[in-house]
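As structure tokens, the structure follows; a few thoughts come after it.
The values are calculated or read from the model by the stated rules, or taken from the named source; none is laboratory data. Being a predicted model, the structure only gives us computed values, none of them experimental. Methodologically, a virtual Cβ is constructed for each residue, glycine included, from the backbone with ideal geometry; neighbour enumeration extends over all protein chains shown. Accessible surface is based on the protein model in full, side chains and every heavy atom, while ligands, DNA and RNA are left aside. Shrake-Rupley method; radii C 1.70, N 1.55, O 1.52, S 1.80 Å.
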Amino acid sequence: KNTFTVCFSVGYSAVALNHVIDFKEKKQEIIKPVSPSELFPSLPIVQGTSKRIKVLTRLTLIVSDPSHCNLLRSTSANIRLYDIIAVFPKTEKLFHIACTTLDVDLVCINVTEKLPFYFRRPPVNMAIDRGIYFELLYTPAIKDSTMRRYTISNAISLMQICKGKNIVISSAAERPLELRGPYDVAKLGLLFGLSEGEAKAAVSTNCRATMLHGETRKSACGVVYTVKKPRKVEEEETVPACKKAKTQA
Amino acid sequence: MVRFKNRYVLCEVVSEDPRCRQCIEDRALGLAVRDAIARVHGDYGLACCSISFTVKYLNAYTGTVLLRCRKDSYRLLCSALPFVRYLESRAQRYPCFLNTLHVGGTIRTCQKFLIQYNRTQLLRLLQNCTNEEERQCIQKSLLSCSLTEEQSQSGDEEEDDGTE
């Protein structure tokens, strides 16, 4: 809870609370997320604007086996209650599946050890088309020097494939002192190989896009388009009809 | 080329320990930042950034720090600031972190930003404070803050209430 108060004072406008589910253990039930209103009776206001801070709930699944992904397909009621769903693939096959077919918002990239697989362009491009974002954590980099090396090398290899698009930088802070302000996190993005504009986007616009992606995943099952075009074209055609006749003739 | 261009980075020291703020010293902070740069960017980074590196201004009550560095190397400095984890002074370590508020080309622009920032902080305190006297005190300081020519660094004319 302390972490949240520090978040708010530093200037973030939306915070997500993460639950991690690891499938290596025997039986894991997806528990209901803690509702944010239980933590705070009234949410404080964002600095500089008059809107309230949003607190979202997020689920991270650590998958090392394709059978674990069945959980996402099943219509478990508790999964629907989470705002954002992230998946943490451990093998190349799972990375491919996560980018192409799984119904998630974020794909976490491991920063704490050397990646066992290299990124390939086709699944990454498909993920970018589908609107899935890749997530990098920065808290291990602050804590430990070897983690820092792994973080930077993994991040740069990702950048080389995806050219800096669709990246979200987030912290896995458990204590309030592991948090950093948004300006500082954007500068960290520079270290990871992003350009300045991309680094700022990684903190602001991409995160908002992820939130929206999560919302649409929760609510929309299909989209209905209403097209106004045919009518308008008819009207336009009647007016210059005489002019057209002249030119054609 | 006429003059050397500098960048002034305005930061705020955020810490859980209330004693940490009172014990901030400019030398300790400078050492901590240099140490972080050395860890992240190595010898080259440290050498580049310390050409014109000083702690220009330090306010122990609000935890505001103003650092100066060359324009060519301010990126190295800014990207190493998140890695400052603790301040060491008088053989005691205080865990904290630096929150960058603003980067400007002159001290004056940083001052202007600091005044606006302090004003918003005071407004936030105003919402949270319960005592009527404190309320009036804050309101008076809010109305009286401005950039004057007499004082050289007038960014902290408003008083913090000590409840931070």
key: Among (1) more than 9 Å from chain A (Cβ to nearest Cβ); (2) at pLDDT below 80; (3) closer than 19 Å to B:Asn59 by Cβ - the single one B:Phe113 does not satisfy   = (2)
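Search the range B:83-94 for residues being open to solvent by less than 60 Å² (accessible area, probe 1.4 Å) and more than 13 Å from B:Asp17 (Cα to Cα), and hand back the single one that is farthest from the other protein chains (Cβ to nearest Cβ).
So, considering only residues that are open to solvent by less than 60 Å² (accessible area, probe 1.4 Å) and more than 13 Å from B:Asp17 (Cα to Cα), the one farthest from the other protein chains (Cβ to nearest Cβ) is B:Ser89.
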ask   = Can you pull out the residues in the range A:203-216 that are away from every other protein chain (no Cβ under 14 Å) and either open to solvent by less than 40 Å² (accessible area, probe 1.4 Å) or within 18 Å of A:Val15 (Cα to Cα) (or both)?
value = A:Ser204, A:Thr205, A:Asn206, A:Cys207, A:Arg208, A:Ala209, A:Thr210, A:Met211, A:Leu212, A:His213, A:Gly214, A:Glu215
ask   = If you go through the range A:107-122 one residue at a time, how many are outside any loop (DSSP other than H, G, I, E, B) and open to solvent by 10 Å² or more (accessible area, probe 1.4 Å)?
value = 3
remark   = Picked from the range B:32-45 (must be more than 14 Å from every other protein chain (Cβ to nearest Cβ) and more than 14 Å from B:Leu81 (Cβ to Cβ)), the residue least open to solvent (accessible area, probe 1.4 Å) is B:Asp43
inquiry  = Can you tell me how many residues within the range A:123-139 are more than 12 Å from every other protein chain (Cβ to nearest Cβ) and in a helix (DSSP H, G or I)?
reply    = 8
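Yes/no matrix, rows are residues, columns are (1) buried (at least 18 other Cβ atoms within 10 Å of the Cβ); (2) within 14 Å of another protein chain (Cβ to nearest Cβ):
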| residue | (1), (2) |
| --- | --- |
| B:Tyr61 | no, no |
| B:Val65 | yes, yes |
| B:Cys69 | yes, yes |
| B:Ser73 | yes, yes |
| B:Ser79 | yes, yes |
| B:Cys96 | yes, yes |
| B:Thr106 | no, no |
| B:Arg119 | no, yes |
inquiry  = Can you list residue pairs whose Cβ atoms sit under 7 Å apart, with the first residue in the range B:111-126 being without any contact (Cβ under 8 Å) to a residue 24 or more places away in the chain and the second being not in a helix (DSSP H, G or I)? Count only pairs 6 or more apart in sequence or on different chains.
reply    = B:Tyr117/B:Leu101; B:Thr120/A:Gln47; B:Thr120/A:Gly48
ask   = Could you list, in sequence order, the residues of the range A:145-159 that are free of Cβ contacts under 8 Å to residues at least 12 places away in the same chain and open to solvent by 50 Å² or more (accessible area, probe 1.4 Å)?
value = A:Ser145, A:Thr146, A:Arg149
query = Which one of B:Thr64, B:Thr54, B:Thr109, B:Thr100 is touching a Pro at 6+ places or on another chain (Cβ under 9 Å) and polar (S, T, N, Q)?
reply = B:Thr100
ask   = So is A:Ile142 open to solvent by 20 Å² or more (accessible area, probe 1.4 Å) and of a type in the set (Val, Ile, Thr) or not?
value = no
key: Selection count, the range A:168-193, where residues are assigned to a loop (DSSP other than H, G, I, E, B), within 11 Å of chain B (Cβ to nearest Cβ) and either closer than 20 Å to A:Tyr150 by Cα or among the charged types (D, E, K, R) (or both)   = 6
